[in-house]
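What follows is one structure encoded as structure tokens, with my remarks underneath.
The values are calculated or read from the model by the stated rules, or taken from the named source; none is laboratory data. Note that this is a predicted model, so its numbers are computed, not measured. Positions of Cβ are backbone-derived with ideal geometry, glycine not excepted, and every protein chain shown enters the neighbour counts.
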Amino acid sequence: MLAMNNIGKVFTTDVVQTHALQDFTLQVDEGDFLAVTGTSGSGKTTFLNVAGLLETFDSGQYTLDGQNIKGLNDKQRSQLRNEKIGFIFQSFNLIPDLNLFDNVDVPLRYRGFNGAQRKERILQSLERVGLGKRLRHFPAQLSGGQQQRVAIARALAGSPRFLLADEPTGNLDSDMAQSVMGLLQEINQSGTTIIMVTHDQALAKLAQRKIIVRDGKVCDIGVSTIGLQPQELSAPRV
Amino acid sequence: MFRYYCKLALNSILQAKVHSSLTILTVALGIAACTIVLTLLHSMSSNPVAHKSEQLFRVQLDNWDPNQAAVSPDLPPEFVTWTDAQNIVQAKQAKRQSASAITWGMVNPAEQGLTPFLALMRVTGKDFFPMFDVPFLFGAGWGETTEQNNEYVVVLSKEINQQVFNGANSVGQTLSMLGATFTVVGVLNDWHLSPKFYDMSYGAFSDPEEIYLPFGLKAIFELPHGGITNCWKPVESERYEAFLHSECTNFQLWVELDEPREKTQFNDYLTHYVEQQKSLGRFPRPMNNRLLNVNQWLEYKQVVKQDIQIMFWLSVMFLLVCLINAASLLSAKLHTKHSEIGLRRALGANFGQIIMQYSLEVIIVGLCGGILGVLLAVAGLQGVASLYAGYGQLIELNVSITLGVILLAVAGTVIAGLVPVYSACRPVPAMQLKQ
């Protein structure tokens, strides 16, 4: 499903070269819930950006859903991203000028769905995250947890194969974090592959698999305690 | 997607009302300044008889002082004498020929129950009307016999016909003026040559005369010499006839020549005529005849003053400055949009779609700037017209200039705006999301 072999990514400035990823090798199967942990600057966000086609890579091979990413042009990458990947960001990244309906509508517009299809998907996904009655609200009128739910609805609206989450509970208090994690587990159980970057070891335990990234490499792969419930989490690190 | 982009663009413009208004105003000011000068320049430099400007020629003969040229360094006078005007018109060596001059006189429309008034008049030949494509509302000019017999006929402007005859067809009606009774043979339709190339004595953009009458009547009624009169030696006496037979120049002489061959023949005729006059003791200077077509004449008269041309380039520079400012404002606005651009990219928008979305916003801003600019330009041109009498005809924006200006505004804003749009969209999405 998602296979990275010896991926390398170097950020170059006038004074320094930073090897964000080195020989990064990883395989994620369909239906996985993978937690990616590591210290700050270890390369986990760079991995997520490369995996989500938000960033290019310098060396190695990356195959997403059977498609070789190397050599795709911007339009092809954008289309692949739109069809197969949903994103959840730590800071929610909702567009403040748009109401919930229009925020969820954004990826569907680029997908080319017609009006009726878009409306159906938007309503379904907002219902799924419990915000079906707040279509005309703007992000500023919602709590942090609700905003993250909108972001999840937006990510789910296009029925992606992969959900990439970058510290999805990083800006939430423990109750909201539990609620969001519960939602992610539910989504995973319905078949969507989730890759979640987190600092929080307790959150990582909720995933089926966990990898630790250090100095741009995968240095440890393990299986988490499956069946741990979100309610058993300690408060997330802020 | 186009409707979606329009919705996003309008949303973005309305979300930042002050910023958008400033950008639109900046574009509008540049466009307005450029349009005002462009309109003036266009009107001034336009050729009102472009279709026959190569066939109409201003005749100049050098009857001037042997010791000093009429116009430095060695040019003949712009006008001709009564003698030369009469001789050359009567010789009929061109397809058409017309000598004319401005004059004025009292009109006394007592029959119509109106009080007397002073009218600006033009004495001219019958060929004047077909030569300059003068449009008639009623009737026509006078004919050959009428001219030869110095019959008392007049052609009225539309305004005078309105004033005296309430705009009715006055052909065949009589009009008292200059102490005699004249018969109306024609009424002109709206006619404002711009520039009034055939006689720029009162300015290139002055109004046309109100009443036209046969050239020969000038001598009969001893009509005053309007326009510009130049003499290089004193008139022998104060008698009116003495002026007519003097070397004073006051008359515009135009001829119509269709073919280059006709021009050559007419030039030969002028040479022959001047030699003949020399043998009679006139034309002491060397042969210096000139035939300038309409374009050459406008250029010689410098109808488009150099300062207007400089103003035009200054206004273009001002427009450029405005567009650069607009680009800066757009750039500042887009700087706050990096995160949204990154997000849209992450959600599946490709580079082209993002460029399209923000370009549409820039186009709408440019379009608004163009429309506001045209409105400001109309107001500005009216201001110019009220400040400078005689420029009234120049205030109207024509359709091509208006559309051209709006196109210029949109194109200029898009060109200026695409730079910040392009640079805002260029980074990879991950970089934009960080911002």
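Find the helices (runs of 4 or more DSSP H) located wholly in the range A:138-225 whose residues include 1 or more that are of a type in the set (Lys, Arg), and list them.
So the answer is A:144-157.
For the range B:381-396, enumerate the residues that are at pLDDT 70 or above, of a type outside the set (Gly, Ala, Ser) and within 17 Å of the chain's Cα centre (by Cα).
B:381, B:382, B:384
Does the range B:83-92 include one or more residues that are touching a Gly at 6+ places or on another chain (Cβ under 7 Å) and within 26 Å of residue B:156 (Cα to Cα)?
For the range B:83-92, residues touching a Gly at 6+ places or on another chain (Cβ under 7 Å) and within 26 Å of residue B:156 (Cα to Cα): present.
Please indicate, with yes or no, whether at least one residue in the range B:123-141 is in the same structural domain as residue B:98 (by TED's automatic domain parsing), out of contact with any helix residue (DSSP H, G or I) (no Cβ under 6 Å at 6 or more places or on another chain), free of Cβ contacts under 8 Å to residues at least 24 places away in the same chain and surrounded by fewer than 22 Cβ atoms within 10 Å (Cβ to Cβ).
no
Scan the range B:50-59 for residues that are modelled with pLDDT under 80 and part of a loop (DSSP other than H, G, I, E, B) and report the count.
The number of residues fulfilling the criteria is 0.
I'd like the full set of residues that are among the acidic types (Asp, Glu) and either farther than 29 Å from residue A:150 by Cβ or facing chain B (nearest Cβ under 8 Å) (or both), limited to the range A:36-70.
Listed by number, the residues that qualify are A:55, A:58.
Give me the pairs: first residue in the range B:223-241 and free of Cβ contacts under 8 Å to residues at least 24 places away in the same chain, second residue among the acidic types (Asp, Glu), beta-carbon distance under 9 Å, and six or more apart or on different chains, which are they?
Pairs found: B:231/B:247; B:235/B:247; B:240/B:222; B:241/B:222.
Return yes or no: is residue B:359 under 22 Å from residue B:411 (Cβ atoms), assigned by TED's automatic domain parsing to the domain that holds residue B:417 and out of contact with any helix residue (DSSP H, G or I) (no Cβ under 7 Å at 6 or more places or on another chain)?
no
I'd like the residue in the range A:71-113 that is of a type in the set (S, T, N, Q), at the interface with chain B (Cβ under 8 Å from one of its Cβ atoms) and free of Cβ contacts under 8 Å to residues at least 60 places away in the same chain and, out of all such residues, is surrounded by the fewest Cβ atoms within 10 Å (Cβ to Cβ).
Step by step, filter the range A:71-113, then rank; the result is A:79.
For the range A:26-47, give me the residue count where each residue is out of contact with any helix residue (DSSP H, G or I) (no Cβ under 9 Å at 6 or more places or on another chain) and either buried (at least 19 other Cβ atoms within 10 Å of the Cβ) or not in a loop (DSSP other than H, G, I, E, B) (or both).
Residues that pass the stated criteria total 6.
Can you spot a residue in the range B:186-193 that is under 24 Å from the mean Cα position of the chain (by Cα), over 25 Å from residue B:43 (Cα atoms) and in contact (Cβ under 8 Å) with a residue 12 or more places away in the chain?
yes
Looking at (1) surrounded by fewer than 16 Cβ atoms within 10 Å (Cβ to Cβ); (2) in contact (Cβ under 8 Å) with a residue 40 or more places away in the chain; (3) farther than 30 Å from residue B:418 by Cβ, find the lone condition where residue B:321 falls short.
(3)
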